[in-house]
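Report on the following structure.
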Amino acid sequence: MKTILNAQQLAITLQRLSHQILENHIDLENTVLIGIQPRGIYVSDRIVEQIKRQVTAEKIQYGKLDITFYRDDVRQGLHTLNQTDIPFTIENKNVILIDDVLYTGRTIRAALDALLDFGRPSKVELCTLIDRRFSRQLPIQADYIGKSIDSIITQKVKVFWNEKDGRDEVSLL
């Protein structure tokens, strides 16, 4: 196991990502943030907390999206359902999708399909903590990247969260 980001590096990376989002969406007036269930919400929760330190909480529209039934691998067994919570319209909004690891791109494709049930956004951007850049199966690129890594297909990136795992860390297994 190799540590990619320790707790301090992870905190700094999340702070940088939130600042980059605010640079491009300074007042968040027409922007919504949506975390992808299940693992992307840990990243999005932290980013939203960082953004709350910069702008008033009322300006932040934050939702969580379950993509279980939009995945193309759903037939491979039972999946645990998560809660979708998007209490606002995304019609003509700038949507920032947030996930932990960008690997093949299939999760993001499923999220884009799921988003259309909530309206037609004017723009969709992707924020990811880790980009496994040479493993894409679909032409999907992130707009905000915490860290890009090169890994082989047999390796696995594991993101540990204090709330769930008792520590903050990103490791390559």
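Any read-out appearing in this document is the output of simple, stated calculations on the displayed coordinates, not a laboratory observation. Being a predicted model, the structure only gives us computed values, none of them experimental.
Structure data summary
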{"item": "Along principal axes, Cα extents of region 30-137, largest first, whole Å", "result": "43, 28, 25"}
{"item": "Reachable lysines, given that their alpha-carbon falls under 17 Å from the alpha-carbon of Lys2 and they are not under 8 places away in the same chain", "result": "Lys147, Lys156, Lys158"}
